[in-house]
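Only one structure is covered here, and it is reproduced in the block below.
The values are calculated or read from the model by the stated rules, or taken from the named source; none is laboratory data. Bear in mind the structure is a predicted one, so any value in this text is a computation, not a measurement. FYI the Cβ positions are ideal-geometry reconstructions off the backbone, even for glycines, and counts take in every protein chain you see. In case anyone asks, the SASA skips ligands and DNA or RNA and just uses the protein heavy atoms, side chains included. Shrake-Rupley method; radii C 1.70, N 1.55, O 1.52, S 1.80 Å.
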Amino acid sequence: MKTTLEHIIILFSGDSGDGMQLTGTQFSDTSARMGNDIATFPDYPSEIRAPSGSVFGVSGFQVHIGAREIYTPGDQPDVLVAMNPAALKVKLPLLKKGATIIINDDAFDRSGFKKAGYEVSSLEAIGELKNFKLIHAPITSQTERALEAIDLDNKSKRRCKNFYALGLCYFIFSRDPNLTKAWIREKFEGKDALVNANIAALEAGYHFGETIEASISIYQIPEAPLEKGTYRQINGNTGIAWGLMQAAEASGLDLFIGSYPITPATDILQELSKHAGFGVRTFQAEDEIAAICAAIGASFSGALAVTTTSGPGLALKSEALNLAVMLELPLVVINVQRGGPSTGLPTKTEQADLLQVFYGRNGESPVIVLAASRPGDTFAMAFEAARLSLQHMTPVVLLSDGFIANGSEPWRIPDLREEYHHIPIHLAQASEEDFKPYNRNLQLVRPWAIPGTEGMQHRIGGLEKDFETGDVSYDPENQEKMVEVRAKKVSMVASNIPEQQVEGKTHGQLLVISWGGTYGAVRTAVKRLQVQGHEISLVHLTYLNPFPKNLGPLIANFKQVLIPELNKGQLLRIINAQFHCEAKGYHKVQGLPFTISELITAFEKELKLVEYAKQ
Amino acid sequence: MQSNSEKLSAKDFATDQAIRWCPGCGDYAILNSVKKVLSTLGKRKEDVVFISGIGCSSRFPYYVDTYGMHSIHGRAVAIATGTKVHNPLLSVWAITGDGDGLAIGGNHFIHALRRNININILIFNNEIYGLTKGQYSPTSQLGQRTKTSPLGTIEKPFDPAMLALGAGATFFARTTASDPKHLQEILLRAEAHCGTSVVEIYQNCVIFNDEAFEQFLGKENRDDHSVVLQHGKPLVFGKGLDKAVQWGHHELLVSTALDTAVIHDEQNLSLSFLLARLETVKPLGVYRCVQEAEYASNMDDGVKKESRKQVSELLHSGSTWEIE
């Protein structure tokens, strides 16, 4: 008898060399292909191969699959796959009470417990496990046995054990193993032994499930009612790469990316480096500064120029970013945020670079700031960043974060003939009489005249320039005027972006304002309270500088504003400074996303306070 | 790109900007030589880009009527790299100095050479920080007294030739602002070279480091203390052409044995290094010029290898599924 579930959260967990990221990805891809909505959360250590079996080498991949729309990877897993004692030790506190734990018995020997820092040496001695349902599976030894006849060394055979675990999960959750088999055949094409070994391990795990069927529960998760269309899986870094490529196509420009590898942004560079066939030039620079400078140089000669980085890299780029502000050249800067300050938590998520992006440069230096919300909107936001930068001749910073970058979800592929197909830009043409490089249009945007264009030759630079002629100027009045013009130019972008949407009523007791990768959790929490009848609405911002024009009036419609952020109150400061609305904040800086339950608690508390104040 | 109009003169490349270098500064001679060379080469204004960093030398782009960017300290070469990679048809010149190019911009300098990207890097070397008014630079002499080394520097200087050759330079030349004819010859060679061309130009700072090159280039000294390099020609010099550079055991020597003079070979890396190490005589000219794979054209070939693909194909590639 299969039990039907509306949704379930599964956490794959093992040593960083155990292939848990791959296992989780396969499970989520298969589930998406079977029509479920999904959200994933890879959580891995920054060490590539920490000592095996140690707690700091534990790598996890959480996947939330549903027969309804899924917005977050979920708070507390219903199922844990624990490949070794360290994984159990690290992940046990996260589980839902009564959760199922699939245990790789073979790894739970004396040495395994010791490496994990357990003082006990048997599962029975771990009292807390009484509250959970355990499924024992001799994953390592069964994998070895299943692969006996295959001509591979023992080490390679043992490495197939993640597919055994995956096979077992496929049986328990009624997943179709054929999609993964096809993937294995393609991935290891030409290496028959590896194809056979991984498929044999997958099947052995699946069959083990059948063998123990009588003693465990089996589940099915029906298809989710998603919008019609063609879908694919997408993660945030890939979405950004592709959105930039589409912006290049839509503007008729070649894409240039100058970048230096940095976690968690590197995948954008890697993805773009595959696409020379789309006119993409990838320049892996000698450092972060060279990366942005090369992008500025390319922008000067007429490219759609991009640099990608994370917080520490953005710090290094700040002087050059300021140059782009001063030159008034288009430039897209992608900051995939991670835990800070300094090197901080490279593989963990945080949204604490907002003030850095707003204010982290010398002088009065406004840039356009956008933020992606989920893997599925990164394509759109990267395209939008490029559009605004090209149309307003000024740098745009697009904020993403580690959670969006590595998380994935099903994405309805847009019809590029209908959407995202054209970015109108204006390159100065030869023959303009008396060309002045800083002669502005009504939007205060200067012309883009690229080298090679006859009669348009001109000199630009980081020194302040005269408003009329564009020549270097040290005139005091002119300096103030130019500072104001650059600020006004950016503020006028508000007329070129959509109005802010509200989820819920446009007036009421409590308005929650969020931005970035917290969207899924915040939205889910707000919806649940709305269903319960609370007067709570959500504004999730994707345009942060300038804000949408209607944000101020919206804020004024609510008694209280609450801003949850994975920092110590950065948007909060900006909103309070701009709208004087005495908004409150809810903060967390643990390198982890918000859980829905903690947000519900925080919102309920605030709703009570608003109610109380009314009486 | 256009070739229908007449060849431009050096004067045509002048801008209307007032030049702000000190009277007597070596930069004037460099500016005039560059304009002359652009004219000689028949360049169109729109096809040339000058990109500079910060420093006295970096004012240069304001004074040439081509495309130009006066950027930030040390980054001219990195910016020029992007400009050239995006449009390999442009003639791109990075203008820098000993501080801008070898101190704050040192990393970009060596990596440009490693990549061999087809730009010209002109290092205006005056062995001092001029714009900030007289601090020692990475090419100031050991023991030199400056505003930040009142007791004399305790830092060994870089030799730009050794540095460039060590970083894999395919073209390195040394010349001087005090000999415009030689300077122009070298600039023509640099522009003709396909790859990163480094031209170190000795440039006298009359205010903060006057007569820095007197020992080699002063009127009294230059015949006996500098030797002009010409590929395939013996390294003979001196007032009466009475001196020659000779092979020693592990170094080059100077003697009067003219018939055993070293024959200059721009492709002999060991010779280039040894020339850079000569102490009593300064070689001027092209130390090294070899043809190697060039970065921007390689990248361009990669981009143009196949017909342009559409992003929609990419979005539909790999694993997709329909929801009805």
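Would you call residue B:145 over 20 Å from residue A:451 (Cα atoms), within 14 Å of chain A (Cβ to nearest Cβ) and of a type in the set (Lys, Arg)?
no
Quick one: how many residues across region A:267-292 are part of a strand (DSSP E or B) and basic (Lys, Arg)?
Result for region A:267-292: 1.
For (1) at pLDDT below 95; (2) assigned to a helix (DSSP H, G or I); (3) farther than 25 Å from residue A:42 by Cβ, each residue gets a yes or a no:
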site	(1), (2), (3)
A:526	no, yes, yes
A:539	no, no, yes
A:554	no, yes, yes
A:559	no, no, yes
A:573	no, yes, yes
A:591	yes, no, no
A:597	yes, yes, no
A:612	yes, yes, yes
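I'm told residue A:402 meets every condition in (1) crowded, with 21+ Cβ neighbours inside 10 Å; (2) out of contact with any Lys or Arg (no Cβ under 9 Å at 6 or more places or on another chain); (3) under 30 Å from residue A:32 (Cβ atoms) except one. Can you identify the failing condition by its number?
Checking residue A:402 against (1) crowded, with 21+ Cβ neighbours inside 10 Å; (2) out of contact with any Lys or Arg (no Cβ under 9 Å at 6 or more places or on another chain); (3) under 30 Å from residue A:32 (Cβ atoms), the one that fails is (2).
Which condition does residue A:461 not pass, out of (1) among the small types (Gly, Ala, Ser); (2) within 14 Å of chain B (Cβ to nearest Cβ); (3) without any contact (Cβ under 8 Å) to a residue 60 or more places away in the chain, if it passes all the others?
In the conditions (1) among the small types (Gly, Ala, Ser); (2) within 14 Å of chain B (Cβ to nearest Cβ); (3) without any contact (Cβ under 8 Å) to a residue 60 or more places away in the chain, residue A:461 misses (3) alone.
For region A:495-551, enumerate the residues that are open to solvent by less than 20 Å² (accessible area, probe 1.4 Å) and small (Gly, Ala, Ser).
A:508, A:514, A:516, A:517, A:520, A:521, A:525, A:537
If the requirement is being of a type in the set (Gly, Ala, Ser), open to solvent by 40 Å² or more (accessible area, probe 1.4 Å) and within 14 Å of chain B (Cβ to nearest Cβ), which of these qualifies: A:449, A:430?
Of A:449, A:430, the one residue that is of a type in the set (Gly, Ala, Ser), open to solvent by 40 Å² or more (accessible area, probe 1.4 Å) and within 14 Å of chain B (Cβ to nearest Cβ) is A:430.
If the Cβ limit is 8 Å and pairs must be 6+ apart or interchain, which residue in region A:129-148 that is acidic (Asp, Glu) pairs with which residue that is surrounded by 14 or more Cβ atoms within 10 Å (Cβ to Cβ)?
Close Cβ pairs satisfying both conditions: A:144/A:157; A:144/A:158.
When region A:292-340 is examined, which residues are found to be among the basic types (Lys, Arg) and more than 12 Å from chain B (Cβ to nearest Cβ)?
A:338
Look through region B:306-317, keep the residues that are more than 7 Å from chain A (Cβ to nearest Cβ) and open to solvent by 90 Å² or more (accessible area, probe 1.4 Å), and return whichever of them is nearest to residue A:278 (Cα to Cα).
Out of the qualifying residues, it is B:307.
Test residue A:254 against the criterion of being within 8 Å of another protein chain (Cβ to nearest Cβ), within 22 Å of residue B:47 (Cβ to Cβ), free of Cβ contacts under 8 Å to residues at least 60 places away in the same chain and open to solvent by 10 Å² or more (accessible area, probe 1.4 Å), and give yes or no.
Criteria met by residue A:254.
Is it the case that residue A:377 is under 11 Å from the mean Cα position of the chain (by Cα) and of a type in the set (D, E, K, R)?
So residue A:377 passes the test.
Can you find, within region A:396-451, the residue that is nearest to residue A:566 (Cα to Cα) among those that are more than 33 Å from the chain's Cα centre (by Cα) and of a type in the set (Phe, Trp, Tyr)?
Looking at the filtered set, the residue picked out is A:438.
Which members of region B:98-127 meet the condition of being assigned to a loop (DSSP other than H, G, I, E, B) and either in contact (Cβ under 8 Å) with a residue 60 or more places away in the chain or open to solvent by 10 Å² or more (accessible area, probe 1.4 Å) (or both)?
Residues satisfying the conditions are B:116, B:117, B:118, B:119, B:126, B:127.
Go over the candidates A:267, A:192 one by one and state the one that is closer than 25 Å to residue A:64 by Cβ, more than 10 Å from every other protein chain (Cβ to nearest Cβ) and open to solvent by 20 Å² or more (accessible area, probe 1.4 Å).
One residue alone meets the criteria, A:267.
For a quick check of your reading: which strands (runs of 3 or more DSSP E) sit entirely within region B:1-97 and have at least 2 residues that are aliphatic (A, V, I, L, M), surrounded by 21 or more Cβ atoms within 10 Å (Cβ to Cβ) and within 13 Å of chain A (Cβ to nearest Cβ)?
B:48-52, B:91-97
Would you confirm, using the coordinates I've provided, whether residue A:391 is more than 13 Å from chain B (Cβ to nearest Cβ) and either in contact with a Phe, Trp or Tyr (Cβ under 7 Å, 6 or more places away or on another chain) or surrounded by fewer than 24 Cβ atoms within 10 Å (Cβ to Cβ) (or both)?
yes
Is it fair to say residue A:365 is closer than 30 Å to residue A:21 by Cβ and surrounded by fewer than 23 Cβ atoms within 10 Å (Cβ to Cβ)?
no
Is it true that some residue in region A:114-123 is in contact (Cβ under 8 Å) with a residue 12 or more places away in the chain, open to solvent by 10 Å² or more (accessible area, probe 1.4 Å), within 31 Å of the chain's Cα centre (by Cα) and assigned by TED's automatic domain parsing to the domain that holds residue A:135?
no
Check region A:512-519 and report whether any residue there is farther than 30 Å from residue B:66 by Cα, among the aromatic types (Phe, Trp, Tyr) and at pLDDT 95 or above.
Yes: region A:512-519 contains one or more residues that are farther than 30 Å from residue B:66 by Cα, among the aromatic types (Phe, Trp, Tyr) and at pLDDT 95 or above.
Can you pull out the residues in region B:5-27 that are within 14 Å of residue B:58 (Cα to Cα) and free of Cβ contacts under 8 Å to residues at least 60 places away in the same chain?
B:19, B:20, B:21 - these are the residues of region B:5-27 that are within 14 Å of residue B:58 (Cα to Cα) and free of Cβ contacts under 8 Å to residues at least 60 places away in the same chain.
Can you find even one residue in region A:276-295 that is on the phi > 0 side of the Ramachandran plot and open to solvent by 10 Å² or more (accessible area, probe 1.4 Å)?
no
I'd like the full set of residues that are in contact with a Leu (Cβ under 7 Å, 6 or more places away or on another chain) and without any contact (Cβ under 8 Å) to a residue 60 or more places away in the chain, limited to region B:187-217.
Within region B:187-217, none qualify.
Do you know which residues across region A:209-229 are open to solvent by 30 Å² or more (accessible area, probe 1.4 Å), of a type outside the set (Asp, Glu) and not in a loop (DSSP other than H, G, I, E, B)?
Matches in region A:209-229: A:211, A:214, A:215, A:219, A:220.
Would you confirm whether or not region B:21-39 contains a residue that is touching a helix residue (DSSP H, G or I) at 6+ places or on another chain (Cβ under 9 Å), closer than 20 Å to residue A:326 by Cβ and charged (D, E, K, R)?
Looking through region B:21-39, none of the residues is touching a helix residue (DSSP H, G or I) at 6+ places or on another chain (Cβ under 9 Å), closer than 20 Å to residue A:326 by Cβ and charged (D, E, K, R).
Give me the residue from region B:278-305 that is among the basic types (Lys, Arg) and in contact with a strand residue (DSSP E or B) (Cβ under 7 Å, 6 or more places away or on another chain) and, out of that set, surrounded by the most Cβ atoms within 10 Å (Cβ to Cβ).
Per the stated criteria, the residue is B:288.
Please report, ordered by residue number, the strands (runs of 3 or more DSSP E) entirely within region A:345-430 with at least 3 residues that are touching a residue at least 24 places away in the same chain (Cβ under 8 Å) and closer than 30 Å to residue A:463 by Cα.
Strands (runs of 3 or more DSSP E) meeting the threshold: A:368-371, A:395-401.
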